[in-house]
1. Can you name the helices of the chain, as whole DSSP H runs, whose Cα span along the helix axis is 24 Å or more and whose Kyte-Doolittle mean is not below -0.5?
2. Let me know the longest stretch in the chain that avoids all trypsin sites (Lys or Arg not before Pro) found in a DSSP loop with at most 15 other C-beta atoms within 10 Å.
3. Okay, helix-only estimate at 222 nm for the chain: each DSSP H run of n ≥ 4 adds -39500 (n - 2.57), divide by all residues, round to 500 deg cm²/dmol; what do you get?
4. Any idea how far apart A135 and S76 come out in nm if each label point goes 7 Å out from Cα toward Cβ?
5. With an 8 Å cut-off on Cα pairs and a minimum separation of 6 or more residues, tell me the relative contact order of the chain in percent.
6. For the stretch 63-139, just say rounded, prolate or oblate: build the C-alpha gyration tensor, square-root its eigenvalues into a ≥ b ≥ c, call rounded for a/c under 1.5, and beyond that prolate if a/b exceeds b/c, oblate if not.
7. Provide the gained length on full extension for the span Y208 to S48, in nm with one decimal, where the gain is 0.36 nm per separating residue minus the Cα-Cα distance.
8. With the alpha-carbon atoms as the only input, what is the per residue convex hull volume for the stretch 21-207 in Å³?
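Just so it is clear, none of the values below were taken in a lab; they were calculated from the coordinates. Just so we're clear, the structure is a prediction, and the values are computed from it rather than from any experiment. No Cβ is skipped: glycine too gets one built from the backbone with ideal geometry, and neighbour counts run over all protein chains shown.
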Amino acid sequence: MDDEAPAKKHVDWREVVVVILLSVTTILTAWVGFQSSKWGGAMSISFSQASTARIEATRYEGVANRKISLQATLFSQWAAAYAANDTVLSDFLAARFPEPLATAFPVWLASHPLQNPDAAPTPFDLPEYKIPELASAAAADARADARYQQALTNNQRGDNYTVLTVAFAAVLFFAAMSGRMRSTRGGDVLLGFAILLFVVASSFLVWYPKLV
């Protein structure tokens with residue numbers, strides 16, 4: 001009877017550890033699965049935002065290109081009228097230049113481009129010629145790049161939680177199998193491995209960012 005009591009006490013202790021380990025691991029497995037799903041959703045949202053920003057950038061670029069094309073045509077017509085000494089037409093066109101050509105054109109004329117070799121070839125080369133839509137397109141492109149990188153980060157975080165799900169599933173397997181081993185030593189080895197894997201996976205779980 002005295003020899004059986006310690007053995008019985010050892011078996012009871014291991015069963016308690018197994019039950020606690022299985023219970024906690026089951027809860028954590030559900031939690032990491034939830035986190036993996038949340039980060040997957042965040043990844044999809046970030047990709048969608050990146051796509052929306054890219055479309056917005058394309059729209060701004062289209063507007064800017066149309067403006068530049070129209071203003072380049074008007075300037076070419078002015079240059080042709082000026083070369084033909086048609087002051088009526090050249091003055092008419094110059095008075096109706098849209099922005100930002102209307103701002104850059106007088107600055108360009110003041111630089112005496114026909115006499116000054118250092119003058120800008122056209123008003124379009126001056127810093128005064130700024131198309132607002134080009135700046136908006138650049139900003140939208142920057143947002144798209146940022147959201148795309150965020151999507152990749154969110155995807156990696158979701159993958160990390162998926163790996164944790166596998167790790168906790170392994171903990172459940174080894175903990176459950178430790179109670180089915182005929183050899184007490186073999187059961188202790190499996191249980192010890194399960195506890196070690198649980199500690200490692202839990203450490204990563206604490207360190208990983210979380211979404212609620």
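1. Details: long enough: 4-83 (115 Å, 0.20); 132-178 (69 Å, 0.14); 184-207 (34 Å, 1.66).
Within the chain the helices that satisfy the rule are 4-83, 132-178, 184-207.
2. My reading of the result: 1-95 is the longest stretch.
3. Rounded to the nearest 500, the figure is -29500 deg cm²/dmol.
4. 2.8
5. 35
6. Details: a/c = 2.44, a/b = 1.46, b/c = 1.68.
Cα axes put the stretch 63-139 in the oblate bin.
7. Additional length available on full extension: 55.2 nm.
8. 141
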